[in-house]
Amino acid sequence: MEKRLLIAGAVLGCGLLLVLGRLVHLTTIHNEDLARQASQQHLKKMEIPSRRGAIVDRNGEPLALSVPAESLFIRPRKLPTDANRWIVPVATALHAPLEQVSASFRSAEPFVWLKRRATPQEAAQIRAYGIGGIDSIETERRFYPQGTLAAPLIGFTDVDARGIAGIEQTYDRYLREEPAELVGERDALGRMILAHGVAAAPEVLNVRLTLDIGIQNIAERELAQAVRTTGAEGGTVVVLDPQTFAVLALAQVPTFDPNTPAAVRPEHRRNRTAGDCYEPGSTMKVLLTAAALDAKQLSPDEKIFCEYGRYAVGRSVINDSHSHGWLSVTQVIQQSSNIGAAKIAEHLGKETYAAYLRAFGFGRLTGIELPGESPGILPLPHTWGRIHLVTASFGQGFAVTPLQLASAYAALANGGTLMRPYLISEVLNSDGKVVEARNPQRLLQVVSRDTAQLMMGIMEQVTEGEGTGTRARIEGFRVAGKTGTSQKPDPRGGYSARDRIASFIGIVPAEQPRLVILVVVDTPRTGVYGGQIAAPVFQAIAKQSLAYLGVEGEKPKLGVTPAILPAPSTESVRESSLRQAVAVKTPEPQSEYGPGEETDSDEPNFIGMSLRDAVLTAQRNGWQIVTQGSGYVKKQTVRRTAETFVYELTLTSLGGDQP
Amino acid sequence: MFRFASWTWYGALALVGLTLALGQVWIRLQVVAVGYQLSNTRQLIHSLERERQTLRMQWSALTTPIQLAAQAERRLGMSAPEPERVVRVP
């Protein structure tokens, strides 16, 4: 009995040893392979689709966003036998061509895209059909909420959300987040169990531009209207802040909608403000004169003989649109004399002129954050003959980009200092914290501060009196600027007899520049001159942009009632002002009045006035007021300061009833 | 006495072992339950995020300057003021 027990124990012991041995073998020798195999069976990897950051303007208004989308695909071999009856409904739901959907259904491939980046509504409709063999994966598509606004500079992305134009391309490395993976266990139903936790999602970066969509909208609207009314082929507008060289607007016509970039020809998608160059015409006379004054080759009060409108240079003849005799330097610019400019250039010399042009930034890239920037065309001075120097004096024979020209003028507005124009202000993380900031970058002092100031004064004369740019004048503001009219090269050689480029570049307010605005109208048909075609566009853009920015011009003269003021009448206000102007000297400090209460008969009474009327009344009489709230004045308090009395007005809230 | 003590020890050890094993199972069940919760929460966050993106898109499309200007002109009869009509509040 004991022997049998021993044998059974030995057999069981051996069996147990074998099991233990196998256990040790599995857990120590092949453990990694086995662990991997086990993981493959119960762990599930899920790809988190890559996201793309937003592009916003300087005020945070979105210009490019990523929105949810789904990519639908078919596994044709898993389609039901009666799948053909679904072809028409699917094509209708996806707004896709019937032939394309039909081909997808009949494909011999195991996997076919049905529609990439379908909208959630489209995907929901397909799901509602419940067709086996059709499935979807979550993805994102790019959406440009502002439509055509600033489209050529924002650019667009391809179907895989990679930036292929504009800022989308230049800042792709910041905007595009790499796809990530999420690992978890899966249960018998294939559901995910995140038993190993969730890793933090990669950070999505957003890009803030210096662009202001308010100004951009004004520029695009006015340019489009000008191109339409003049029958021009196109146009561009550049708006720069001359203190920082931040780009506030880059507008162009024609343009496109980046939501549907394939709907237009590729040339309409090109960024013309930095990528295209043109012969700038008379706008160069200002830079030529600045160079001559800075190089001490010319004095501001020097007189130049303008040959009565006809000047022979070798076998060529230079003409002025109006004949002039002796003109001062200011008059050469003001009346845009080609002959005067030619003589200044001859006096300055080609080497010096070319050196200044290069210093102003022509013939090289500005470094703006846009793909495909052109350096322009600036031939080396040793290749220039006398006629080249003369034509270069009035901006023919070399080419610049609109952005280069605007930067050069911004340098004059900035006391002669050239800076790098820039479009990207900050790169932000998803919490809005700044990851990378771009600051204004000073490049060089092109001309002295005195020369720059002198040129600003000369340019102001262009919009005054007999100047060529009087249509750029803005009531209440001093405007410095220059008109330009240039001939267009003929593809067959030489210059076109008919086609012109009309331009105007202006700086406003001249005494404390806030904006540099360049308007270029390509081949207008209702006129050719910059002062006639482009200057009014400048005026419209500048006037609205200054109001938008809250830049105040000279205040309206006292006693002039703005047209909108409904009450009180001008006469009654004047009468009461005269009466109150005496009384204002003697109010009781800290006197306080509410609705229905009469003020001291000698005190001004603001009670019941609208905010607008109260402000206008105070402005006319030179009274100081402090307001709180909006709507109508319900309480006024007089406070004495060291110099004067201040009326503190408390108003009803906006939309409140008139007391 | 010695035999009784040994069995007591063995019993205690077995009890501890059983408790640990049950504890392990309980913890594992909790991990799975939390894993499900985490998965559901992640799904909820994801769907809310997508909804937020959609709403942001709609909001930004409706508040573009072009859209607002058109609405202001058409529905309210507004227009951009001339500079001289602008009054600045001190």
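Results, tabulated for the structure shown:
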{"quantity": "Search result, residues across the stretch A:126-155 that are within 19 Å of residue B:59 (Cβ to Cβ) and either away from chain B (no Cβ under 14 Å) or more than 24 Å from the chain's Cα centre (by Cα) (or both)", "calculated": "A:140"}
{"quantity": "Pairs, first more than 8 Å from every other protein chain (Cβ to nearest Cβ) in the stretch A:614-626, second part of a helix (DSSP H, G or I) and modelled with pLDDT under 85, C-beta under 7 Å, six or more apart", "calculated": "A:617/A:573; A:620/A:573; A:620/A:577; A:621/A:577; A:621/A:580; A:621/A:581"}
{"quantity": "Every residue from the stretch A:506-546 that is part of a loop (DSSP other than H, G, I, E, B), hydroxyl-bearing (Ser, Thr, Tyr) and either open to solvent by 10 Å² or more (accessible area, probe 1.4 Å) or within 14 Å of another protein chain (Cβ to nearest Cβ) (or both)", "calculated": "A:526, A:529"}
{"quantity": "Criterion (more than 17 Å from residue A:408 (Cα to Cα) and touching a strand residue (DSSP E or B) at 6+ places or on another chain (Cβ under 6 Å)) met by exactly one of A:500, A:492, A:478", "calculated": "A:500"}
{"quantity": "Residue list for the stretch B:30-69, filter: aromatic (Phe, Trp, Tyr) and more than 17 Å from the chain's Cα centre (by Cα)", "calculated": "B:59"}
{"quantity": "Given (1) acidic (Asp, Glu); (2) open to solvent by 20 Å² or more (accessible area, probe 1.4 Å); (3) within 11 Å of chain B (Cβ to nearest Cβ), number of the condition residue A:158 does not satisfy", "calculated": "(3)"}
{"quantity": "Checklist (1) surrounded by 17 or more Cβ atoms within 10 Å (Cβ to Cβ); (2) at pLDDT 90 or above; (3) within 28 Å of residue A:200 (Cα to Cα) applied to residue A:70, failing item", "calculated": "(2)"}
{"quantity": "Filtered residue count, the stretch A:439-458, keeping only those that are open to solvent by 60 Å² or more (accessible area, probe 1.4 Å) and under 14 Å from residue A:291 (Cα atoms)", "calculated": "5"}
{"quantity": "Out of A:409, A:422, sole residue that is modelled with pLDDT of 95 or more and open to solvent by less than 10 Å² (accessible area, probe 1.4 Å)", "calculated": "A:409"}
{"quantity": "Count - residues of the stretch A:470-493 that are assigned to a loop (DSSP other than H, G, I, E, B) and in contact with a Lys or Arg (Cβ under 7 Å, 6 or more places away or on another chain)", "calculated": "2"}
{"quantity": "Test result for residue A:586, among the polar types (S, T, N, Q), surrounded by fewer than 18 Cβ atoms within 10 Å (Cβ to Cβ), at pLDDT 90 or above and in a loop (DSSP other than H, G, I, E, B)", "calculated": "no"}
{"quantity": "Extreme residue, surrounded by the most Cβ atoms within 10 Å (Cβ to Cβ), among residues of the stretch B:64-90 that are outside any helix (DSSP H, G or I) and either of a type in the set (Gly, Ala, Ser) or modelled with pLDDT of 85 or more (or both)", "calculated": "B:80"}
{"quantity": "Some residue of the stretch A:425-435 being on the phi > 0 side of the Ramachandran plot and modelled with pLDDT under 95", "calculated": "yes"}
{"quantity": "Single residue of the stretch A:459-485 satisfying the filter (buried (at least 16 other Cβ atoms within 10 Å of the Cβ) and charged (D, E, K, R)) that is farthest from the other protein chains (Cβ to nearest Cβ)", "calculated": "A:482"}
{"quantity": "Looking only at the stretch A:192-203, and only at residues there that are more than 7 Å from every other protein chain (Cβ to nearest Cβ), out of contact with any Asp or Glu (no Cβ under 7 Å at 6 or more places or on another chain) and of a type outside the set (Gly, Ala, Ser), the one that is least open to solvent (accessible area, probe 1.4 Å)", "calculated": "A:203"}
{"quantity": "Given (1) within 13 Å of chain B (Cβ to nearest Cβ); (2) touching a Ser or Thr at 6+ places or on another chain (Cβ under 7 Å); (3) of a type in the set (A, V, I, L, M, F, W, C), index of the condition residue A:164 fails", "calculated": "(1)"}
{"quantity": "Odd one out for residue A:252, checked against (1) of a type in the set (S, T, N, Q); (2) buried (at least 23 other Cβ atoms within 10 Å of the Cβ); (3) modelled with pLDDT under 95", "calculated": "(3)"}
{"quantity": "Residue under evaluation residue A:221, criteria (1) closer than 30 Å to residue A:537 by Cα; (2) basic (Lys, Arg); (3) more than 15 Å from the chain's Cα centre (by Cα), criterion not met", "calculated": "(3)"}
{"quantity": "Flag for residue A:171 being within 20 Å of residue A:53 (Cα to Cα), open to solvent by less than 70 Å² (accessible area, probe 1.4 Å) and more than 11 Å from chain B (Cβ to nearest Cβ)", "calculated": "yes"}
{"quantity": "Residues satisfying the stated conditions in the stretch A:379-419, i.e. in a loop (DSSP other than H, G, I, E, B) and in contact with a Leu (Cβ under 6 Å, 6 or more places away or on another chain)", "calculated": "A:398"}
{"quantity": "Residue A:186, sole failed condition from (1) within 11 Å of chain B (Cβ to nearest Cβ); (2) among the charged types (D, E, K, R); (3) in contact with a Pro (Cβ under 9 Å, 6 or more places away or on another chain)", "calculated": "(3)"}
{"quantity": "When residues of the stretch A:88-102 are limited to those that are open to solvent by 10 Å² or more (accessible area, probe 1.4 Å) and assigned to a helix (DSSP H, G or I), the one nearest to residue A:208 (Cα to Cα)", "calculated": "A:93"}
{"quantity": "Members of the stretch A:103-125 found to be open to solvent by 20 Å² or more (accessible area, probe 1.4 Å) and more than 41 Å from the chain's Cα centre (by Cα), listed by number", "calculated": "A:103, A:106, A:107, A:108, A:109, A:110, A:111"}
{"quantity": "Qualifying residue in the stretch A:120-129 (condition: within 30 Å of residue A:434 (Cβ to Cβ) and either free of Cβ contacts under 8 Å to residues at least 60 places away in the same chain or among the hydroxyl-bearing types (Ser, Thr, Tyr) (or both))", "calculated": "no"}
{"quantity": "Odd one out for residue A:430, checked against (1) among the hydroxyl-bearing types (Ser, Thr, Tyr); (2) assigned to a loop (DSSP other than H, G, I, E, B); (3) within 22 Å of residue A:482 (Cβ to Cβ); (4) over 17 Å from the mean Cα position of the chain (by Cα)", "calculated": "(3)"}
{"quantity": "Residue list for the stretch A:37-63, filter: closer than 20 Å to residue A:202 by Cα, facing chain B (nearest Cβ under 10 Å) and at pLDDT 80 or above", "calculated": "A:51, A:54"}
{"quantity": "Output for the stretch A:42-84, where each listed residue is free of Cβ contacts under 8 Å to residues at least 60 places away in the same chain and in a loop (DSSP other than H, G, I, E, B)", "calculated": "A:79, A:80, A:81, A:82"}
{"quantity": "Criterion (in contact (Cβ under 8 Å) with a residue 40 or more places away in the chain and more than 14 Å from chain B (Cβ to nearest Cβ)) met by exactly one of A:20, A:5, A:114, A:34", "calculated": "A:114"}
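The values are calculated or read from the model by the stated rules, or taken from the named source; none is laboratory data. Computed from a predicted structure; not experimentally measured. Glycine also receives a Cβ, built like all others from the backbone with ideal geometry; neighbour counts cover every protein chain displayed. Each accessible area value is taken on the protein alone, full model and side chains, heavy atoms only, with ligands, DNA and RNA left out. Shrake-Rupley method; radii C 1.70, N 1.55, O 1.52, S 1.80 Å.
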